[in-house]
2 protein chains.
Amino acid sequence: MKIKIISIGNNPPSWVQDIVLQYTSRFNDNFKIELIEIKSDKNSKPMKQKKLDEAQKILKFIDNDFIIALDENGSPCSSKALSEKLSNWMQNIPKLTFVIGGANGLDNTIIKNSNWVWSLSMLTLPHNFAKVILVEQLYRASTILNSHPYHRE
Amino acid sequence: MKIKIISIGNNPPSWVQDIVLQYTSRFNDNFKIELIEIKSDKNSKPMKQKKLDEAQKILKFIDNDFIIALDENGSPCSSKALSEKLSNWMQNIPKLTFVIGGANGLDNTIIKNSNWVWSLSMLTLPHNFAKVILVEQLYRASTILNSHPYHRE
(Lines give C-alpha, C1' and ligand atoms only; values in the text may rest on other atoms or scores of the structure.)
Protein backbone atom coordinates (compact mmCIF):
# COMPACT_ATOMS: atom_id res chain seq x y z
CA MET A 1 0.00 0.00 0.00
CA LYS A 2 1.21 3.48 -0.87
CA ILE A 3 1.08 6.02 1.95
CA LYS A 4 1.79 9.66 1.17
CA ILE A 5 2.41 12.10 4.01
CA ILE A 6 2.13 15.76 3.03
CA SER A 7 3.27 18.29 5.61
CA ILE A 8 3.77 22.03 5.71
CA GLY A 9 6.85 23.47 7.34
CA ASN A 10 10.26 25.00 6.87
CA ASN A 11 13.40 22.98 7.47
CA PRO A 12 12.22 20.62 10.20
CA PRO A 13 14.87 20.06 12.88
CA SER A 14 17.15 17.05 12.41
CA TRP A 15 15.45 15.08 15.22
CA VAL A 16 12.20 15.09 13.21
CA GLN A 17 13.95 13.74 10.14
CA ASP A 18 15.83 11.16 12.24
CA ILE A 19 12.68 9.81 13.90
CA VAL A 20 10.70 9.78 10.65
CA LEU A 21 13.53 7.83 8.98
CA GLN A 22 13.84 5.52 11.98
CA TYR A 23 10.19 4.43 11.63
CA THR A 24 9.75 4.57 7.84
CA SER A 25 12.78 2.28 7.41
CA ARG A 26 11.14 -0.34 9.64
CA PHE A 27 7.95 -0.87 7.61
CA ASN A 28 7.78 -4.17 5.76
CA ASP A 29 7.46 -4.40 1.97
CA ASN A 30 3.66 -4.11 2.11
CA PHE A 31 4.08 -0.39 2.68
CA LYS A 32 5.69 2.29 0.56
CA ILE A 33 5.92 5.61 2.38
CA GLU A 34 6.36 8.85 0.46
CA LEU A 35 7.06 12.09 2.32
CA ILE A 36 6.23 15.44 0.74
CA GLU A 37 7.28 18.62 2.52
CA ILE A 38 5.78 21.89 1.36
CA LYS A 39 7.47 25.11 2.41
CA SER A 40 5.26 27.39 4.46
CA ASP A 41 4.84 30.96 3.33
CA LYS A 42 7.16 33.26 5.27
CA ASN A 43 5.64 36.54 4.13
CA SER A 44 3.35 38.73 6.18
CA LYS A 45 0.02 37.73 4.62
CA PRO A 46 -2.95 37.36 7.01
CA MET A 47 -3.11 33.89 8.59
CA LYS A 48 -6.32 32.99 6.70
CA GLN A 49 -4.70 33.81 3.32
CA LYS A 50 -1.55 31.87 4.27
CA LYS A 51 -3.62 28.77 5.10
CA LEU A 52 -5.53 29.11 1.82
CA ASP A 53 -2.28 29.42 -0.16
CA GLU A 54 -0.89 26.35 1.65
CA ALA A 55 -4.09 24.46 0.83
CA GLN A 56 -3.66 25.26 -2.88
CA LYS A 57 -0.11 23.87 -2.77
CA ILE A 58 -1.31 20.73 -0.96
CA LEU A 59 -4.08 20.10 -3.50
CA LYS A 60 -1.48 19.93 -6.31
CA PHE A 61 -0.13 16.74 -4.71
CA ILE A 62 -3.54 15.09 -4.33
CA ASP A 63 -5.13 13.19 -7.17
CA ASN A 64 -8.28 11.27 -6.26
CA ASP A 65 -6.47 9.96 -3.17
CA PHE A 66 -8.18 8.83 0.01
CA ILE A 67 -7.34 11.82 2.19
CA ILE A 68 -6.90 11.86 5.96
CA ALA A 69 -6.46 15.32 7.44
CA LEU A 70 -4.83 15.67 10.86
CA ASP A 71 -6.74 18.27 12.84
CA GLU A 72 -7.32 18.66 16.57
CA ASN A 73 -11.07 19.04 15.93
CA GLY A 74 -11.25 15.67 14.18
CA SER A 75 -12.18 12.27 15.62
CA PRO A 76 -9.83 10.60 18.08
CA CYS A 77 -8.97 6.91 17.84
CA SER A 78 -6.88 4.38 19.72
CA SER A 79 -3.81 2.67 18.24
CA LYS A 80 -5.80 -0.58 18.06
CA ALA A 81 -8.68 1.15 16.22
CA LEU A 82 -6.17 2.72 13.82
CA SER A 83 -4.78 -0.74 13.03
CA GLU A 84 -8.32 -1.91 12.21
CA LYS A 85 -8.82 1.07 9.92
CA LEU A 86 -5.42 0.39 8.29
CA SER A 87 -6.40 -3.23 7.69
CA ASN A 88 -9.61 -2.06 6.01
CA TRP A 89 -7.80 0.56 3.89
CA MET A 90 -5.23 -2.05 2.79
CA GLN A 91 -8.05 -4.14 1.36
CA ASN A 92 -10.00 -1.33 -0.26
CA ILE A 93 -7.81 1.66 -1.02
CA PRO A 94 -4.65 1.69 -3.18
CA LYS A 95 -3.28 4.99 -1.90
CA LEU A 96 -3.67 6.83 1.38
CA THR A 97 -2.71 10.47 1.79
CA PHE A 98 -2.21 12.04 5.22
CA VAL A 99 -2.07 15.82 5.45
CA ILE A 100 -0.50 17.76 8.34
CA GLY A 101 -0.95 21.52 8.44
CA GLY A 102 1.63 24.14 9.33
CA ALA A 103 1.85 26.30 12.45
CA ASN A 104 -1.67 27.63 11.79
CA GLY A 105 -3.33 24.31 11.05
CA LEU A 106 -5.17 23.29 7.87
CA ASP A 107 -7.52 25.40 5.78
CA ASN A 108 -11.14 24.28 5.53
CA THR A 109 -10.63 23.51 1.81
CA ILE A 110 -8.52 20.52 2.87
CA ILE A 111 -10.77 19.54 5.77
CA LYS A 112 -13.84 19.50 3.49
CA ASN A 113 -12.01 17.44 0.84
CA SER A 114 -10.91 14.81 3.36
CA ASN A 115 -12.34 11.32 3.75
CA TRP A 116 -11.49 11.32 7.44
CA VAL A 117 -10.40 14.04 9.87
CA TRP A 118 -8.27 12.53 12.60
CA SER A 119 -7.35 14.12 15.91
CA LEU A 120 -4.15 12.66 17.40
CA SER A 121 -4.98 14.32 20.71
CA MET A 122 -7.27 16.92 22.28
CA LEU A 123 -4.07 18.86 22.93
CA THR A 124 -2.76 21.43 20.46
CA LEU A 125 0.50 19.85 19.31
CA PRO A 126 3.39 21.45 17.39
CA HIS A 127 3.22 20.22 13.79
CA ASN A 128 6.64 18.56 14.08
CA PHE A 129 5.28 16.50 16.98
CA ALA A 130 2.23 15.55 14.88
CA LYS A 131 4.51 14.32 12.09
CA VAL A 132 6.58 11.99 14.27
CA ILE A 133 3.46 10.73 16.09
CA LEU A 134 1.76 9.97 12.74
CA VAL A 135 4.71 7.96 11.42
CA GLU A 136 5.13 6.10 14.72
CA GLN A 137 1.39 5.30 14.89
CA LEU A 138 1.34 3.99 11.31
CA TYR A 139 4.31 1.77 12.14
CA ARG A 140 2.63 0.68 15.40
CA ALA A 141 -0.61 -0.10 13.52
CA SER A 142 1.33 -2.25 11.03
CA THR A 143 2.98 -4.17 13.90
CA ILE A 144 -0.41 -4.75 15.54
CA LEU A 145 -1.65 -6.28 12.26
CA ASN A 146 1.47 -8.48 12.06
CA SER A 147 1.35 -9.45 15.76
CA HIS A 148 4.86 -8.00 16.09
CA PRO A 149 5.80 -7.42 19.77
CA TYR A 150 6.49 -3.65 19.26
CA HIS A 151 2.99 -2.88 20.53
CA ARG A 152 2.41 -4.46 23.92
CA GLU A 153 -1.18 -4.63 25.01
CA MET B 1 5.65 26.73 41.49
CA LYS B 2 7.78 23.61 41.68
CA ILE B 3 7.07 20.98 39.05
CA LYS B 4 8.73 17.59 39.34
CA ILE B 5 8.68 15.20 36.37
CA ILE B 6 9.52 11.61 37.25
CA SER B 7 10.06 9.24 34.34
CA ILE B 8 11.19 5.66 33.89
CA GLY B 9 13.63 4.80 31.14
CA ASN B 10 17.19 3.99 30.19
CA ASN B 11 19.39 6.57 28.51
CA PRO B 12 16.80 8.55 26.54
CA PRO B 13 18.04 9.51 23.06
CA SER B 14 19.68 12.93 22.73
CA TRP B 15 16.67 14.41 20.88
CA VAL B 16 14.51 13.83 23.98
CA GLN B 17 17.02 15.62 26.20
CA ASP B 18 17.40 18.44 23.64
CA ILE B 19 13.64 19.07 23.37
CA VAL B 20 13.11 18.83 27.14
CA LEU B 21 15.92 21.37 27.67
CA GLN B 22 14.58 23.57 24.87
CA TYR B 23 11.22 23.93 26.64
CA THR B 24 12.31 23.87 30.30
CA SER B 25 14.77 26.72 29.62
CA ARG B 26 11.91 28.89 28.31
CA PHE B 27 9.71 28.85 31.43
CA ASN B 28 9.61 32.13 33.33
CA ASP B 29 10.75 32.45 36.96
CA ASN B 30 7.32 31.39 38.30
CA PHE B 31 8.21 27.80 37.45
CA LYS B 32 11.02 25.59 38.68
CA ILE B 33 11.17 22.31 36.78
CA GLU B 34 12.97 19.31 38.26
CA LEU B 35 13.52 16.20 36.13
CA ILE B 36 14.03 12.82 37.78
CA GLU B 37 14.93 9.85 35.61
CA ILE B 38 14.69 6.39 37.13
CA LYS B 39 16.42 3.53 35.36
CA SER B 40 14.09 0.77 34.25
CA ASP B 41 14.84 -2.76 35.33
CA LYS B 42 16.65 -4.62 32.56
CA ASN B 43 16.38 -8.10 34.07
CA SER B 44 13.94 -10.79 33.00
CA LYS B 45 11.34 -10.39 35.76
CA PRO B 46 7.69 -10.74 34.73
CA MET B 47 6.22 -7.43 33.47
CA LYS B 48 3.90 -7.10 36.49
CA GLN B 49 6.82 -7.42 38.93
CA LYS B 50 8.91 -4.95 36.91
CA LYS B 51 6.11 -2.37 37.07
CA LEU B 52 5.73 -2.94 40.82
CA ASP B 53 9.49 -2.52 41.38
CA GLU B 54 9.44 0.68 39.28
CA ALA B 55 6.49 1.95 41.34
CA GLN B 56 8.48 1.41 44.56
CA LYS B 57 11.35 3.45 43.13
CA ILE B 58 8.96 6.22 42.05
CA LEU B 59 7.32 6.40 45.50
CA LYS B 60 10.72 7.20 47.08
CA PHE B 61 10.69 10.52 45.22
CA ILE B 62 7.14 11.44 46.24
CA ASP B 63 6.44 13.11 49.55
CA ASN B 64 2.87 14.35 50.00
CA ASP B 65 3.04 15.85 46.51
CA PHE B 66 0.04 16.48 44.29
CA ILE B 67 0.54 13.61 41.84
CA ILE B 68 -0.50 13.52 38.19
CA ALA B 69 0.00 10.15 36.51
CA LEU B 70 0.21 9.98 32.72
CA ASP B 71 -1.76 7.00 31.54
CA GLU B 72 -3.65 6.34 28.31
CA ASN B 73 -6.70 5.25 30.33
CA GLY B 74 -6.84 8.60 32.15
CA SER B 75 -8.92 11.68 31.32
CA PRO B 76 -8.10 13.68 28.22
CA CYS B 77 -7.95 17.47 28.26
CA SER B 78 -7.31 20.29 25.81
CA SER B 79 -4.30 22.62 26.05
CA LYS B 80 -6.67 25.42 27.12
CA ALA B 81 -8.22 23.23 29.86
CA LEU B 82 -4.71 22.28 31.03
CA SER B 83 -3.82 25.98 31.36
CA GLU B 84 -6.95 26.47 33.52
CA LYS B 85 -5.91 23.53 35.71
CA LEU B 86 -2.36 24.93 35.95
CA SER B 87 -3.72 28.31 37.02
CA ASN B 88 -5.73 26.60 39.75
CA TRP B 89 -2.75 24.48 40.89
CA MET B 90 -0.52 27.58 41.03
CA GLN B 91 -2.93 29.14 43.50
CA ASN B 92 -3.51 26.07 45.66
CA ILE B 93 -0.64 23.61 45.37
CA PRO B 94 3.03 24.30 46.14
CA LYS B 95 4.43 21.28 44.32
CA LEU B 96 3.18 19.26 41.36
CA THR B 97 4.61 15.87 40.45
CA PHE B 98 4.03 14.29 37.06
CA VAL B 99 4.82 10.59 36.64
CA ILE B 100 5.50 8.90 33.29
CA GLY B 101 5.80 5.13 33.23
CA GLY B 102 8.29 3.03 31.30
CA ALA B 103 7.69 0.82 28.26
CA ASN B 104 5.04 -1.14 30.18
CA GLY B 105 3.19 1.82 31.65
CA LEU B 106 2.56 2.59 35.32
CA ASP B 107 1.68 0.15 38.09
CA ASN B 108 -1.71 0.53 39.76
CA THR B 109 0.04 1.54 43.01
CA ILE B 110 0.93 4.84 41.34
CA ILE B 111 -2.41 5.25 39.57
CA LYS B 112 -4.29 4.77 42.86
CA ASN B 113 -2.04 7.26 44.68
CA SER B 114 -2.53 9.94 42.03
CA ASN B 115 -4.66 13.05 42.35
CA TRP B 116 -5.32 13.07 38.62
CA VAL B 117 -4.74 10.52 35.86
CA TRP B 118 -4.19 12.32 32.58
CA SER B 119 -4.32 10.80 29.10
CA LEU B 120 -2.30 12.80 26.56
CA SER B 121 -4.00 10.87 23.75
CA MET B 122 -6.15 7.82 23.10
CA LEU B 123 -3.13 6.53 21.18
CA THR B 124 -0.49 4.36 22.84
CA LEU B 125 2.57 6.61 22.70
CA PRO B 126 6.23 5.69 23.27
CA HIS B 127 7.23 6.99 26.73
CA ASN B 128 9.86 9.30 25.20
CA PHE B 129 7.11 10.93 23.13
CA ALA B 130 5.00 11.33 26.30
CA LYS B 131 7.89 13.10 28.03
CA VAL B 132 8.44 15.71 25.32
CA ILE B 133 4.67 16.26 24.89
CA LEU B 134 4.29 16.79 28.66
CA VAL B 135 7.06 19.40 28.83
CA GLU B 136 5.80 21.17 25.69
CA GLN B 137 2.21 21.22 27.02
CA LEU B 138 3.27 22.63 30.38
CA TYR B 139 5.20 25.36 28.55
CA ARG B 140 2.21 25.97 26.26
CA ALA B 141 -0.14 26.16 29.27
CA SER B 142 2.16 28.75 30.91
CA THR B 143 2.15 30.85 27.69
CA ILE B 144 -1.67 30.68 27.52
CA LEU B 145 -1.81 32.06 31.09
CA ASN B 146 0.65 34.84 30.16
CA SER B 147 -1.09 35.62 26.83
CA HIS B 148 2.24 34.88 25.12
CA PRO B 149 1.78 34.34 21.34
CA TYR B 150 3.34 30.82 21.38
CA HIS B 151 -0.16 29.32 21.53
CA ARG B 152 -2.29 30.63 18.68
CA GLU B 153 -5.99 30.07 19.08
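The values are calculated or read from the model by the stated rules, or taken from the named source; none is laboratory data. Keep in mind that this is a model prediction, so the values were computed, not measured. Glycine gets a Cβ as well: all are built from the backbone with ideal geometry, and neighbour counts include every protein chain shown. To get the accessible areas, we keep the full protein, side chains included, count just its heavy atoms, and leave off ligands, DNA and RNA. Shrake-Rupley method; radii C 1.70, N 1.55, O 1.52, S 1.80 Å.
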Taking a cut-off of 18 Å between Cα atoms, list the aspartates and glutamates near A:Lys60, but don't count ones fewer than 8 places away on the same chain. A:Glu34, A:Glu37, A:Asp41, A:Asp107
Over 10 Å intervals from 0, what percent of Cα-Cα pairs in the protein assembly as shown sits in each interval? 5, 26, 34, 23, 10, 1
How much solvent-accessible surface does A:Lys85 expose, in Å² to the nearest 10, with a 1.4 Å probe and all protein chains in place? 70
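In chain B, what percentage of the DSSP-assigned beta bridges are antiparallel, given to the nearest 5?
5
Keeping the other protein chains in place, figure out the carbon and sulfur percent of the accessible area of chain B, with a 1.4 Å probe.
Numbers: 3550 of 7570 Å².
Ligands and nucleic acids excluded, carbon and sulfur reach 47 percent.
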Run the simple label-point estimate for A:Lys57 and B:Ser75 please: 7 Å along Cα→C-beta, distance reported in nm. 4.1
Report the A-B buried area as the accessible area lost on both sides summed, probe 1.4 Å, in Å² to the nearest 100. 2100
Test of understanding: in a Gaussian network model of chain B with alpha carbons linked when under 10 Å, which of B:Asp18, B:Asp41, B:Asp29 would top the mean-square fluctuation ranking? B:Asp29
Ordered shortest first, which distances in nm separate the 7 Å Cα→C-beta label point of B:Leu145 from those of the other copies? 4.4
Measuring nothing but label to label, 7 Å from Cα along Cα→Cβ, what are B:Asn113's distances to the other copies in nm, shortest first? 5.3
In the range B:6-47, what residues drop by 50 Å² or more of accessible area when the other protein chains are put back, versus the chain on its own? Use 1.4 Å, and skip ligands and nucleic acids. B:Trp15
Please get the size of the charge dipole for the range B:2-145, origin at its Cα centre, with Cβ charges of +1 on Lys and Arg and -1 on Asp and Glu, quoted in debye to the nearest 20. 160
Averaged over A:122-131, how many beta carbons belonging to a partner chain fall within 10 Å of each residue's beta carbon? 6
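Write down the Kirkwood hydrodynamic radius of the range A:2-145, to one decimal in angstroms, obtained as one divided by the mean of 1/r over all alpha carbon pairs.
Values: mean 1/r = 0.0647 Å⁻¹.
It works out to 15.5 Å.
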Send over a whole-number figure in Å² for the accessible area per residue of chain A, probe 1.4 Å. 50
Pairs from A:Lys48/A:Lys85; A:Lys51/A:Lys95; A:Lys131/B:Lys85; B:Lys42/B:Lys112; A:Lys80/B:Lys131; A:Lys48/A:Lys131 whose Cα-Cα separation, in the structure shown, is over 29 Å: A:Lys48/A:Lys85
If each label sits 7 angstrom from Cα along the C-beta direction, how far apart, in nm, is B:Ser44 from its counterparts in the other copies? 6.7
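To check you understand DSSP bridge types, tell me what percent of the beta bridges within the protein assembly as shown (both residues inside) are antiparallel, rounded to 5.
Here the antiparallel bridges make up roughly 5 percent for the protein assembly as shown.
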Accessible surface ranking that places the most exposed of A:Phe66, B:Phe61, A:Phe129 first, with a 1.4 angstrom probe: B:Phe61, A:Phe66, A:Phe129
Once the whole set of protein chains is in place, how much accessible area is left on B:His148, using a 1.4 Å probe, in Å² to the nearest 10? 80
